[in-house]
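*Asks:* Take a look at the following structure, please.
Nothing in this text is a laboratory measurement; each read-out follows from the coordinates by a stated rule. Note that the coordinates shown come from a computational prediction; the quantities given were computed from them, not determined experimentally. Please note: Cβ atoms are built from the backbone with ideal geometry, for glycine as well, and neighbour counts cover all protein chains shown.
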């Protein structure tokens with residue numbers, strides 16, 4: 001089936017099997033591998049993308065369902081569409097410093113970097129997208145709001161503390177150096 | 001994980017969806033997909049056709065209706081969380097934010113959840129306790145069924161192969177009412193170890209109608225009718241709630257699994273029903 005999806009602001013068309021999951025459409029057809037496959041069972045949230053601005057788990061949606069709709073993946077976070085080639089090539093946040101050379105980081109990416117909101121980085125693209133959707137809706141969230149918003153996303157490294165701090169930093173909240 | 005091959009249909013109108021459903025052999029309705037797609041990935045389900053109803057207008061929306069609510073089949077769980085209309089129904093409002101996790105709630109739908117008929121699904125218990133009914137439509141016509149007749153067995157409903165669930169009707173709660181939904185889960189997003197939906201309608205200090213139903217402790221959501229009956233006309237006190245808790249626990253039929261032993265789950269039913277009734281009575285007094 002022929003589908004057209006606006007991905008990070010650009011229209012992308014492809015002929016796909018109906019059973020192709022959205023996450024595989026993004027990773028394998030569009031070769032945007034910043035969106036990760038974690039549990040593949042709707043539990044971990046690593047595959048989260050924004051569908052018309054709303055977080056969805058792309059392992060639990062078919063690509064054909066996104067036909068005519070708009071998707072933001074982590075590659076879309078950098079401003080002006082100025083992606084670093086490494087990022088477009090499929091690395092995500094562990095190469096985030098490299099972005100500075102070509103493009104400008106999103107405020108959320110800067111905050112995750114500054115606040116050490118990641119360790120292995122596997123959950124990070126999804127965490128940042130969920131956080132962006134939260135701040136779009138609620139620009140001054142409480143810590144509880146933040147924890148509630150990311151409760152569908154599993155991180156096995158950080159214990160979540162610095163993720164919450166990073167999201168608060170992106171929201172412009174003053175964050176204590178030690179908490 | 002890839003599901004088996006299927007043909008994808010995306011009708012623009014309900015009539016077109018009903019025609020497809022009547023014509024096609026082995027077709028399933030795709031609503032939010034948050035239960036259907038996981039079971040297709042595991043190949044527990046392998047329908048030949050999927051009929052995606054997400055772009056059909058008129059299946060969404062939460063409308064006040066005669067003091068109650070009319071909830072469109074495509075209403076997402078998170079719309080139930082943020083709806084002002086739902087806020088007036090404390091049992092529903094308590095249940096909505098406890099369903100799955102915040103991301104799944106953006107896609108998962110009330111109607112889809114009910115039609116999936118997972119005994120560990122939360123809305124089934126809530127709708128049983130509320131005395132709700134579902135409206136089923138086919139090319140042959142429309143019928144309304146009480147939710148208790150709709151939920152037949154594990155993953156089995158009274159839906160005929162050519163029928164679509166179009167909306168749920170929740171009746172007004174009489175008198176001054178209160179209610180809540182208590183859910184024990186190992187972590188956010190897990191299925192309920194045990195859930196209890198409780199609603200009390202009070203007048204002149206005594207209980208009129210009580211609604212009590214359970215999640216995760218039987219082949220369907222369990223409607224604890226004996227516990228309900230024990231409360232009709234009773235004073236809302238600890239003894240009455242303890243008796244209802246005991247009867248609800250006796251009506252449950254849990255199995256031992258990774259989430260806990262059958263005895264443990266039965267105990268949680270007892271505690272949750274007692275605790276839920278106390279909160280519901282408090283809410284009714286404040287209402």
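*Asks:* Test of understanding: ordering A:19, A:137 by Cβ neighbours within 10 Å, fewest first, what list do you get?
*Replies:* Ordered by Cβ neighbours within 10 Å, fewest first: A:137, A:19.
*Asks:* Pairing the Cα long axis of helix B:262-286 with the longest principal axis of chain B, what angle in degrees results, from 0 to 90 and rounded to the nearest 10?
*Replies:* Helix B:262-286 sits at roughly 70 degrees to that axis.
*Asks:* Same structure again: Highest mean first, how do A:143-152, B:250-259 rank when packing is the count of other Cβ atoms within 10 Å averaged over residues?
*Replies:* Descending mean neighbour count gives A:143-152, B:250-259.
*Asks:* For the stretch A:1-53 and the stretch B:125-188, write down the distance between their C-alpha centroids in whole Å.
*Replies:* The distance from the Cα centre of the stretch A:1-53 to that of the stretch B:125-188 comes to 33 Å.
*Asks:* Rg to Rh for the stretch B:82-181: what is it, with Cα atoms only and Rh by Kirkwood?
*Replies:* Reported Rg/Rh, Kirkwood definition of Rh: 0.97.
*Asks:* Considering the stretch B:122-167, what Rg and Dmax in Å follow from its alpha-carbon atoms?
*Replies:* 10.5, 31
*Asks:* So for each of B:16-28, B:96-108 I average, over its residues, the number of other beta carbons within 10 Å; can you give me the resulting order with the highest mean first?
*Replies:* B:96-108, B:16-28
*Asks:* Hey, rough spin-label estimate for residue B:139 and residue B:235, points 7 angstrom out along Cα→Cβ, what's it come to in nanometres?
*Replies:* Taking the simple label geometry, residue B:139 and residue B:235 are separated by 6.2 nm.
*Asks:* Pull out a ≥ b ≥ c, the square roots of the eigenvalues of the alpha-carbon gyration tensor of the stretch B:173-268, then state rounded if a/c is under 1.5, prolate if not and a/b is larger than b/c, and oblate in the remaining case.
*Replies:* The shape class here is prolate.
*Asks:* Here's a follow-up. Using the 10 angstrom Cβ neighbour count as an exposure proxy, how do A:122, B:150, B:155, A:62 rank, fewest first? List each step's numbers first, then the result.
*Replies:* Working: A:122 20, B:150 24, B:155 17, A:62 28.
The fewest-first ordering by Cβ neighbours comes to B:155, A:122, B:150, A:62.
*Asks:* What 222 nm value per residue comes from the helices of the protein assembly as shown, counting each DSSP H run with n ≥ 4 as -39,500 (n - 2.57) and dividing by all residues, nearest 500 deg cm²/dmol?
*Replies:* -8500 deg cm²/dmol
*Asks:* While we're here: So, in Å, what gap is there between the alpha-carbon centers of the stretch B:13-80 and the stretch B:235-250?
*Replies:* Using only Cα atoms, the two centres lie 38 Å from each other.
*Asks:* Between helix B:238-251 and chain B, what is the angle of the helix's C-alpha long axis to the longest principal axis, kept within 0 to 90° and rounded to the nearest 10?
*Replies:* Approximately 40 degrees, to the nearest ten.
*Asks:* For chain B, rounded, prolate or oblate, judged on the Cα gyration tensor with a ≥ b ≥ c (square roots of eigenvalues), a/c < 1.5 rounded, else prolate if a/b > b/c?
*Replies:* Numbers: a/c = 2.11, a/b = 1.55, b/c = 1.36.
Prolate, because a/c is 1.5 or more and a/b exceeds b/c.
*Asks:* Mind jotting down the three principal axis lengths of the stretch B:1-115 based on Cα atoms? Whole angstrom, largest first.
*Replies:* 43, 32, 17
*Asks:* Take the alpha-carbon centre of the stretch B:87-115, take the same for the stretch B:262-287, and report the distance between them in whole Å.
*Replies:* That distance is 20 Å.
*Asks:* Based on the Cα gyration tensor of the protein assembly as shown, what are the three equivalent ellipsoid semi-axes, each the root of five times an eigenvalue, rounded to whole Å and given largest first?
*Replies:* Values for the protein assembly as shown, descending: 40, 28, 19 Å.
*Asks:* Still on this structure, please answer the following. Rounding to the nearest 10 and keeping the result within 0 to 90°, find how far the Cα-based axis of helix B:14-23 lies from the longest principal axis of chain B.
*Replies:* Taking the Cα atoms of chain B, the angle to B:14-23 is about 70 degrees.
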